[in-house]
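Colleague: Below you will find the structure I want to go over with you.
The values are calculated or read from the model by the stated rules, or taken from the named source; none is laboratory data. From a predicted model like this one, the values you see are computed outputs, not experimental measurements. So basically every Cβ, Gly included, is an ideal-geometry build from the backbone, and we count neighbours across all protein chains shown. Calculation scope for accessible area: heavy atoms of the full protein, side chains included, ligands and nucleic acids excluded. Shrake-Rupley method; radii C 1.70, N 1.55, O 1.52, S 1.80 Å.
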Protein chains: 2
Amino acid sequence: MSISDLSKRVIFPIGDKLISKNFNGTVWLKMLTPSGSDCPIGNVTFEPGCRNNWHKHARGQILLVTGGRGYFQEWGKPAQELHAGDVVNILPDVKHWHGAAKDSWFVHLAIEVNPEKGQATWLERVSDQDYNKLK
Amino acid sequence: MSISDLSKRVIFPIGDKLISKNFNGTVWLKMLTPSGSDCPIGNVTFEPGCRNNWHKHARGQILLVTGGRGYFQEWGKPAQELHAGDVVNILPDVKHWHGAAKDSWFVHLAIEVNPEKGQATWLERVSDQDYNKLK
């Protein structure tokens, strides 16, 4: 599926390519809330194989999956496969990553909880060895 | 479209019928976050013609429309028609209502901002005269 096909199948705008050292692969971001919001909501679209680095949020984050197939993993636990309609409630300071399956685009809303009380801390890359174990 | 057809077309679970004097018509609610969350997210599904009463939120609310056709109106302003992909950022203490068009189901996520700093205040019904002006 091309990115133009994808854009016809998802609900919220895809936005612009995000240039970030915290993602391994190409990712698009559209912020749905005004700058400085108390409740920042981003629409995040991962190309197949793209995932973010391990990271944690001082006050937690909520993911609402709207399309495609991907994964969420907490440090020390098995990865969970995600599809449209899945909700992930990430607790404060829990080390985790999320991203697309190898063969699928993946789209989720990401809601940062109480950002005024602390930001995300970015850590190391998910190893290819670990990622490649996933289907 | 029946409610069972609708449930196949929307992303997040429809949940249960909400019994509330603050809605005029039948509405379903599924909370997507745990009780006591700092960032409560509900999936709200309105039957055709259903809308909520005028109300306001102490710290604001964000609506993310995922399906159907409906309206949002701020007190003293024209109603805005809403479709999937629309986002409404409702500022603190702004009196407003939202709900379905007469001939369409309407589904949105509703995110309450900083609920620990104050709750919603529910006010009077949207008059039939005002609602019936809408298409």
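Colleague: How long is the gain from B:Leu18 to B:Asp103 if the chain were fully straight, where each residue apart is worth 0.36 nm and the alpha carbon distance is subtracted?
Modeller: 28.6 nm
Colleague: For a quick check of understanding: with a 1.4 angstrom probe and all protein chains in place, what accessible area in square angstrom does B:Ser104 have, to the nearest ten?
Modeller: Roll a 1.4 Å probe over it and B:Ser104 shows about 20 Å².
Colleague: Same structure, new question: Given an 8 Å cut-off on Cα distances and at least 6 residues of separation, report the relative contact order of the stretch B:18-135 as a percent.
Modeller: Dividing the mean separation by the residue count of the stretch B:18-135 yields 33 percent.
Colleague: To the nearest 10 Å², what's B:Lys77's accessible area with a 1.4 Å probe?
Modeller: Estimated to the nearest 10 Å², B:Lys77 gives 110 Å².
Colleague: In addition: Let me know the charge dipole size of the protein assembly as shown about its Cα centre in debye, to the nearest 20, where only the beta-carbon of Lys, Arg (+1) and Asp, Glu (-1) is charged.
Modeller: 200
Colleague: Still on this structure, I have one more. I need the phi-derived Karplus couplings for the stretch B:51-62: 6.51 cos²θ - 1.76 cosθ + 1.60, θ = phi - 60°, integer Hz, Gly and Pro marked x.
Modeller: Karplus values, whole Hz, x for Gly and Pro: 8, 8, 5, 4, 7, 8, 10, 4, 10, x, 8, 10.
Colleague: Using a label point 7 angstrom from Cα along Cα-to-C-beta, what distances in nm, from shortest up, separate A:Lys133 from the other copies?
Modeller: The projected label point of A:Lys133 is separated from its counterparts by 6.2 nm.
Colleague: Hey, got a sec? Which trypsin sites (Lys or Arg not before Pro) in the stretch A:6-69 land in a DSSP loop and have at most 11 other Cβ atoms within 10 Å?
Modeller: Those that pass, being in a loop and sparsely packed, are A:Lys21.
Colleague: Select from the stretch A:18-112 those chymotrypsin sites (Phe, Trp or Tyr not before Pro) which occupy a DSSP coil region and have at most 16 other Cβ atoms within 10 Å, ordered by residue number.
Modeller: A:Trp75
Colleague: For chain B, take every pair of Cα atoms, bin their distances at 10 Å starting from 0, and report each bin as a whole percent.
Modeller: 13, 47, 35, 6
Colleague: Using r as the Cβ-Cβ distance of B:Gln119 and B:Glu81, and R0 as 45 Å, what FRET efficiency do you calculate, to the nearest 0.05?
Modeller: Taking R0 as 45 Å, the efficiency between B:Gln119 and B:Glu81 is 0.95.
Colleague: From the Cα trace of the protein assembly as shown, what convex hull volume per residue do you get, rounded to a whole Å³?
Modeller: 135
Colleague: Here's a follow-up. Considering the options B:Ser127, B:Ala84, B:His98, tell which one lies farthest towards the positive end of the dipole of the protein assembly as shown, charges being +1 on Lys and Arg and -1 on Asp and Glu at the Cβ, about the Cα centre.
Modeller: Ranked along the dipole, the leading option is B:Ala84.
Colleague: In terms of Cα to Cα distance under 30 Å, which lysines are near enough to B:Lys102, apart from those fewer than 8 places away along the same chain?
Modeller: A:Lys8, B:Lys8, B:Lys17, B:Lys21, B:Lys30, B:Lys56, B:Lys77, B:Lys133, B:Lys135
Colleague: Continuing with the same structure: Given springs between every Cα pair under 10 Å in a Gaussian network model of chain B, which of B:Val107, B:Val65, B:Val87 has the largest fluctuation?
Modeller: B:Val87
Colleague: Okay, next question. As a test of the formula, what do you get for the protein assembly as shown when each DSSP H run with n ≥ 4 contributes -39,500 (n - 2.57) and the sum is divided by the residue count, at 222 nm and rounded to the nearest 500 deg cm²/dmol?
Modeller: Rounded to the nearest 500, the figure is -2000 deg cm²/dmol.
Colleague: Just to confirm the filter: which GluC sites (Glu not before Pro) across the stretch B:32-135 are DSSP coil and have at most 13 other Cβ within 10 angstrom of their Cβ?
Modeller: B:Glu124
Colleague: How far, in nm to one decimal, is A:Gln119 from itself in the other copies if the label point is set 7 angstrom along Cα toward Cβ? Shortest first, please.
Modeller: The answer, with the shortest distance listed first, is 3.6 nm.
Colleague: Give me the dipole magnitude in Debye, nearest 20, for chain B about the Cα centre, with unit charges on the beta carbon: positive for Lys and Arg, negative for Asp and Glu.
Modeller: 160
Colleague: How much accessible surface area, in Å² rounded to 10, belongs to the heavy atoms of A:Met31 with a 1.4 Å probe?
Modeller: About 90 Å², rounded to the nearest 10.
Colleague: Summing both sides, how much accessible area is buried between A and B? Use a 1.4 Å probe and give Å² to the nearest 100.
Modeller: Between A and B, the summed buried area is about 1800 Å².
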